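Before any comments, here is the structure.
The values are calculated or read from the model by the stated rules, or taken from the named source; none is laboratory data. Just so it is clear, the model here is predicted, and its values are computed rather than measured. Cβ atoms come from the backbone with ideal geometry, glycine included; neighbour counts cover every protein chain shown. Side chains included, ligands, DNA and RNA excluded: accessible areas come from the protein's heavy atoms. Shrake-Rupley method; radii C 1.70, N 1.55, O 1.52, S 1.80 Å.
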Amino acid sequence: MPTNNAPFLTIFLLFLGLIRFDSFPGLEAATGKLASIPGLYVFGDSLVDAGNNNYLPISISKANYPHNGVDFPNKKPTGRFCNGKNAADAIAEKFGLPLPPPYLSLRGLLKREKRKSSAVTGVNFASGGAGIFNSSDQKLGQAIPLSKQVNNWLSIHEEVMKLEPSAAQLHLSKSLFTVVIGSNDLFDYFGSFKLRRQSNPQQYTQLMADKLKEQLKRIHDSGARRFLIIGVAQIGCTPGKRAKNSTLHECDEGANMWCSLYNEALVKMLQQLKQELQGSITYTYFDNYKSLHDIISNPARYGFADVTSACCGNGELNADLPCLPLAKLCSDRTKHLFWDRYGHPTEAAARTIVDLMLTDDTHYSSPITLTQLVST
């Protein structure tokens, strides 16, 4: 192609990009539809793992067996810790994107074409048992910690950069980078005398936020600009935690307090990060703690009948054992908030939470909503 046509090509691609990505200000309000995003890239733990752990030979933190996937298409246990689709899948569907495949499913010569196509529509890097700190998977045997998930993203980033440079830059700036992580680091803190001796809860949760900041910077430096950051929920209200209170089945408020401490540190860190990057990052923080609290406080309003016990399990609150093939399965998964003893949401709960992410008010989201984020 003659060199003097390059500026025209760049302008033309940028114009096409604006049309394809529906990025004109106010478009959503005018059409009543969500502004579109070109790609969805997911980082995190078992709340959004789409099956990466299936490919880890040592890990015991897998969900590639029944009853997991009982409501997934073809009743397939895919490695999602859920009866069906999880929150990452629901977000993709809301924006008309294919479900982001697990990164580890894209390796090998025979997957080259799928890897190329998925690189631009979205990839899921999340791993059950993963944490912000590299050590957070020790009890479960093996997971992919956040730092390695970002390494895997940089591998996919190389595929994206094979696009024409201005198109690649536009694609990265308008895609959505979703991060759902932190619960396993807190579980580690609860269960480790060594960690509690090394630092108090305020110090530990601040270290979590600082470490997460490093990884967000790495993603940002690759060209990412739009982030959905999801806070830690009330993990003291999971069926497993409630079952330990054999009398009243109340939440573990000590555990919830540590979740609040981390979320506070996370919010402050995000504000500082935006200042340090001179506004080149745009984000929405979703208060998952508040959303779960509201659902538990008024379950009928959200269509749930049981917000204390696990849908799949055994024993007290169905929380004595994980969701194994011989576990007891609830008959109506749409009425249960929790899928298993660990507090993974059912598909119905995951979709409810994603709907709350997409509400127009800022009750759960700050400093802007997800719909505002993708429309700017």
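For segment 170-228, the set of residues classified as open to solvent by less than 20 Å² (accessible area, probe 1.4 Å), hydroxyl-bearing (S, T, Y) and part of a loop (DSSP other than H, G, I, E, B) consists of S175, S199, S222, listed by residue number.
If the condition is being closer than 26 Å to Q234 by Cβ, touching a residue at least 24 places away in the same chain (Cβ under 8 Å) and among the polar types (S, T, N, Q), then segment 167-223 contributes T178, S183, N184, Q202, T205, Q206, Q215. Of the listed requirements (1) closer than 21 Å to I37 by Cβ; (2) open to solvent by 40 Å² or more (accessible area, probe 1.4 Å), L270 misses just one: (2). What number of residues in segment 70-122 are within 12 Å of D49 (Cα to Cα) and either surrounded by fewer than 18 Cβ atoms within 10 Å (Cβ to Cβ) or not small (G, A, S) (or both)? Number of matching residues: 13.
How many of the residues in segment 286-320 are within 30 Å of R218 (Cβ to Cβ) and either open to solvent by 10 Å² or more (accessible area, probe 1.4 Å) or among the β-branched types (V, I, T) (or both)? Count: 5. Each residue in segment 47-71 was checked for being assigned to a loop (DSSP other than H, G, I, E, B) and touching a strand residue (DSSP E or B) at 6+ places or on another chain (Cβ under 6 Å), and 5 of them qualify.
Scanning segment 242-257 for residues that are touching a residue at least 24 places away in the same chain (Cβ under 8 Å), part of a helix (DSSP H, G or I) and open to solvent by 30 Å² or more (accessible area, probe 1.4 Å) gives a single hit, M257. Here segment 333-360 is the region considered, the condition is being open to solvent by less than 60 Å² (accessible area, probe 1.4 Å) and over 20 Å from C237 (Cβ atoms), and the residue that is modelled with the lowest pLDDT is T359.
Residue by residue, here is whether (1) under 26 Å from A90 (Cβ atoms); (2) out of contact with any strand residue (DSSP E or B) (no Cβ under 8 Å at 6 or more places or on another chain) holds:
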site	(1), (2)
V150	yes, no
V160	yes, yes
F193	no, yes
A209	no, yes
R218	no, yes
G223	yes, yes
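Can you find a residue that is open to solvent by 10 Å² or more (accessible area, probe 1.4 Å) and at pLDDT 95 or above anywhere in segment 23-36? So far as segment 23-36 goes, no, none of its residues is open to solvent by 10 Å² or more (accessible area, probe 1.4 Å) and at pLDDT 95 or above. Checked against (1) open to solvent by 30 Å² or more (accessible area, probe 1.4 Å); (2) in a loop (DSSP other than H, G, I, E, B), C323 passes all but a single condition, namely (1).
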